[in-house]
Amino acid sequence: MVPSPYNPGTMLTLGAALVLFPLAFVGAGQEDAPGVSATQRRSIEELFRVDAGPRRPGYAFGVVVGGRLVLAGGSGYADLGTGRLIGPATPFRLASASKQFTAACALLLIEEGELREEQTIGSVLPGFEGLNPAPTVSDLIHHTSGIRDYLDLHWLRGEEETFTPTESLALLARQRSLAFAPESAYAYSNSNYFLLGAIVGKVSGSSLARFARAGIFDPLGMKATRFVDDHRETPRDAARGYWRGADGWEIYETELDHVGDGGLYSTIEDLARWAANFSDPRLGSGSGFLERELSAPPLRDGRSNTYAFGLAVEPLADGSRLISHGGSFAGYRSAFAYHDASQTAAIVLANFPAARTEELAESALAVLGVRLERVAVPDIDPAGRAPVGVRRGPSALAGSYRCSELDTTWELEAKGSAIAVRVDGTPLVEFKPDRRGTGYRARDYPGMRLVPLAEDSFAVWSRYLGRLEFRRIP
């Protein structure tokens, strides 16, 4: 059985036996590529050896120094069926590393005066006028909106890959509460960038895919990069996503057509062009665009937020910054890491779930002499507390309950001291009693609780979901 694309439970552990598949390098045949010594090149090459086997998925990787792609290669297979190898020109699904491009599109519209950061979501997207307090475009960009992740909401409805972007928009528009008040905390939510992508399409009168093509990819020469909002149009030469099942490697991909939070395909060669824009800014107003792209407003209480425009901007001990974002969805992993002082970027793409792309990108930077000594930053995650519950045993809670914000019914069944939840007859999650005896904790989902409120209701709560209420169906 192939796991859900957003179920983090299935991870492959690489064995000790290693084999290096054929590698292609920019500047191959040179002992020293510009900015990279032969010793450093060999050390970086060693990072991307993959587990031994007849055919295995693997990595594409690249190093950019001063705006130049000085080292690039691939190990493993893009397609196990055809034997096509991975190389610097192989397109990969970037997953959440797509967010930096969605944010850049929004910033282009902001610079053009077509969009304002202080605009509320409801002033742009019909159906979102009911949220109070109302999150703004800035809240979406910097993950301070309090809007729940649509992937979590669909999962709570018992849905995995059976929903469309239109259905996700409708589900988000049903929300009348937030996980926390806007700008009071930070919580990474795919909904923020899914909605931001929809806003870019609405304001531009086009679509995110077309606007990104005209505003970013064409100007930077990123010819192989595009948002795919119809899975039937996935690039034919893209790396296939895999996971390791009981019988060996299996296809592990998604048919979701959501873009903004993900959905971008790109290559090492194209992402090197994107990295070069950090050294020599060419988009929008140039250096002014880049400065704004790497900034984030503080929270209402003054605490700093390091999530800028689709990029984490982390201060380092020597005064420099690490600018980065990773991605993880289905069988794809990605990492983009840029060190501003040395103008050095490491980019890693992979097509299997256990790939440690972010760790490997930082390791490649370390090989090149970049010191990543991070500075402590304040905790800005939501600090909410679970609602106070009443003591009710599993038998008393058994029955059918409806949540209006989810537009779904949960069936609760007593299972000894635990509670089993079903949706449309299919098992969803199991809760076990907490130590205080006034609530239940979800098995396998740390932080999620079921809290009885009265005879006819309960709440499902976590710091990132906030409070979702269910009422008994008579």
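Where a number appears in this text, it was derived from the coordinates with a stated rule and is not lab data. Computed from a prediction, not measured in an experiment: that's the story for all the values here. FYI the Cβ positions are ideal-geometry reconstructions off the backbone, even for glycines, and counts take in every protein chain you see.
Mean projection of the alpha-carbon convex hull of the stretch 100-204 over all orientations, in nm²?
6.2 nm²
Under the rule a/c < 1.5 gives rounded, and otherwise a/b versus b/c splits prolate from oblate, where does the stretch 394-472 land using the Cα gyration tensor?
Rounded, since a/c falls under 1.5.
Expressed as a whole number of Å, what is the distance separating the alpha-carbon centroids of the stretch 57-81 and the stretch 392-410?
49 Å
Give the peptides 55-66, 92-103 in descending order of average Cβ contacts within 10 Å, highest first.
92-103, 55-66
Would you mind counting up the charge near Arg282? Only other residues with Cβ under 12 Å from its Cβ, with Lys and Arg at +1 and Asp and Glu at -1.
-1
Let me know the shape class of the stretch 35-165, please: from the alpha-carbon gyration tensor, a ≥ b ≥ c as square roots of the eigenvalues, rounded when a/c is under 1.5, otherwise prolate if a/b is greater than b/c, or oblate.
It comes out oblate by the Cα gyration axes.
With a sphere of radius 15 Å drawn around the Cβ of Gly263, what net charge do the other residues whose Cβ falls strictly inside it have (Lys, Arg +1; Asp, Glu -1)?
Result for the local shell: -2.
Sort Val375, Val421 by Cβ crowding within 10 Å, fewest neighbours at the top.
So the residues, fewest neighbours to most, are Val375, Val421.
Please say if the stretch 93-134 is rounded, prolate or oblate, where rounded means a/c under 1.5 for a ≥ b ≥ c the square roots of the C-alpha gyration tensor eigenvalues, and otherwise the choice is prolate for a/b larger than b/c and oblate otherwise?
Here the stretch 93-134 falls in the oblate category.
For Lys415, give me every one of the lysines with a C-alpha distance below 23 angstrom, ignoring sequence neighbours fewer than eight places off in its own chain.
Cα-Cα hits under 23 Å: Lys432.
Which angle from 0 to 90°, rounded to the nearest 10, does the C-alpha axis of helix 38-47 make with the longest principal axis of the chain?
The angle comes out near 30 degrees.
Enumerate the calculated ³J(HN,Hα) couplings along the stretch 364-371 in order (Karplus 6.51 cos²θ - 1.76 cosθ + 1.60, θ = phi - 60°), each rounded to whole Hz, writing x wherever the residue is Gly or Pro.
Computed from phi, the couplings for the stretch 364-371 are 5, 4, 5, 4, 8, x, 7, 8 Hz.
Sort 344-356, 179-191 by the packing proxy (mean of other Cβ within 10 Å over each peptide's residues), most packed first.
Answer by packing, highest mean first, reads 344-356, 179-191.
Once every Cα of the stretch 299-340 carries one equal point scatterer and solvent is ignored, give the base-10 log of I(q)/I(0) from the Debye formula at q = 0.30, 0.35 Å⁻¹, two decimals.
Relative scattering, expressed as log10 I(q)/I(0), comes to -1.02, -1.14.
When Rg is the radius of gyration of the Cα atoms in the chain and Rh is its Kirkwood radius, what does Rg/Rh come to?
0.98
Around Leu322, which amide H atoms from residues at least 5 apart in sequence, or from another chain, sit under 5 Å from its own amide H, with H modelled in the peptide plane?
Under 5 Å from the amide H of Leu322 lie the amide H atoms of Glu314, Leu316, each far enough along the sequence or on another chain.
Highest mean first, what order results for 265-273, 364-372 on Cβ atoms within 10 Å?
265-273, 364-372
May I ask for the angle, rounded to the nearest 10°, between helix 99-111 and the longest principal axis of the chain, with both axes built from Cα atoms and the value confined to 0 to 90°?
Helix 99-111 sits at roughly 90 degrees to that axis.
What list of ³J(HN,Hα) values in whole Hz, one per residue of the stretch 457-466 in order, does the Karplus curve 6.51 cos²θ - 1.76 cosθ + 1.60 (θ = phi - 60°) give from phi, with Gly and Pro shown as x?
7, 8, 10, 9, 9, 8, 4, 9, 8, x
Under the rule of -39500 (n - 2.57) per DSSP H run of 4 or more residues, summed and divided by the residues of the chain, what mean residue ellipticity at 222 nm is obtained, to the nearest 500 deg cm²/dmol?
Rounded to the nearest 500, the figure is -6000 deg cm²/dmol.
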